[in-house]
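**Student:** My questions all concern the structure below.
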């Protein structure tokens, strides 16, 4: 049988400051293929090329990836400042309505880093432009130097809510994760449940209350070493099971008929 399709949201880049490109890391594709057991399909996040409706009809689930550009603050009612960094408005135009549609339909998605932030914004939440500037908060950004292994190394604990979905999935309330983000949740959307946090109080794991499908999202990067990491592996496996269940019900074909 063909594998269920996971749409991997790409980022818009300029190669050598000149050539436009849609890009996604091979780590995301490997995690989807080898751990989730699904077919990875890189999605160009540009509303001039694809529509949300086409994506919903083509894919069984979605991986909302990390990326250097941030969600534009206009999307949560704030003005742009230099602290907000760079943006990807084309990706905003695809992912925010896509998240809301998936929540309504019960179509599974997994949010990672920027994807985690997109889920919060899509559901009515707001973001801090720079976590490390807040009193009592740590620097959660990627180390500027070192090998990939050093940059993606485990750096802090995340503590989950008692008997919450992450606790049940991981079999423990405390795990070690990497951290490679500058922004973070300021106010959680009305249906966003913060299910895990770093020692400094930064939200690190969320889900959408009342959603009929898989909506787990994390602020760290579980795609790194996903097949071997004891935290990443169950997360991508659970996501894959949800995607396979959606595909098994024929939901995508029914919606397209």
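The values are calculated or read from the model by the stated rules, or taken from the named source; none is laboratory data. Keep in mind that what you see is a predicted model, and the values were worked out from it rather than measured. Note: ideal-geometry Cβ built from the backbone for every residue, glycine included; neighbour counts use all protein chains shown.
**Student:** Can you find a residue in the stretch 58-67 that is more than 26 Å from residue 105 (Cβ to Cβ), without any contact (Cβ under 8 Å) to a residue 60 or more places away in the chain, assigned to a loop (DSSP other than H, G, I, E, B) and in contact with a strand residue (DSSP E or B) (Cβ under 9 Å, 6 or more places away or on another chain)?
**Tutor:** No; the residues of the stretch 58-67 include none that is more than 26 Å from residue 105 (Cβ to Cβ), without any contact (Cβ under 8 Å) to a residue 60 or more places away in the chain, assigned to a loop (DSSP other than H, G, I, E, B) and in contact with a strand residue (DSSP E or B) (Cβ under 9 Å, 6 or more places away or on another chain).
**Student:** Could we say that residue 186 is over 28 Å from residue 75 (Cβ atoms) and at pLDDT 95 or above here?
**Tutor:** It is false that residue 186 is over 28 Å from residue 75 (Cβ atoms) and at pLDDT 95 or above.
**Student:** On to the next question. Take the residues in the stretch 226-251 that are assigned to a loop (DSSP other than H, G, I, E, B) and modelled with pLDDT of 95 or more, then tell me which one is surrounded by the fewest Cβ atoms within 10 Å (Cβ to Cβ).
**Tutor:** So, considering only residues that are assigned to a loop (DSSP other than H, G, I, E, B) and modelled with pLDDT of 95 or more, the one surrounded by the fewest Cβ atoms within 10 Å (Cβ to Cβ) is 228.
**Student:** Restricting to the stretch 79-112, and then to whatever is assigned to a loop (DSSP other than H, G, I, E, B) and modelled with pLDDT under 95, can you tell me which residue is nearest to residue 6 (Cα to Cα)?
**Tutor:** Step by step, filter the stretch 79-112, then rank; the result is 88.
**Student:** Could you tell me whether residue 195 is in a strand (DSSP E or B) and over 23 Å from residue 59 (Cβ atoms)?
**Tutor:** The answer is yes for residue 195.
**Student:** Residue 180 fails exactly one of the following numbered conditions: (1) assigned to a strand (DSSP E or B); (2) in contact (Cβ under 8 Å) with a residue 60 or more places away in the chain. What is the number of that condition?
**Tutor:** Single failed check for residue 180: (1).
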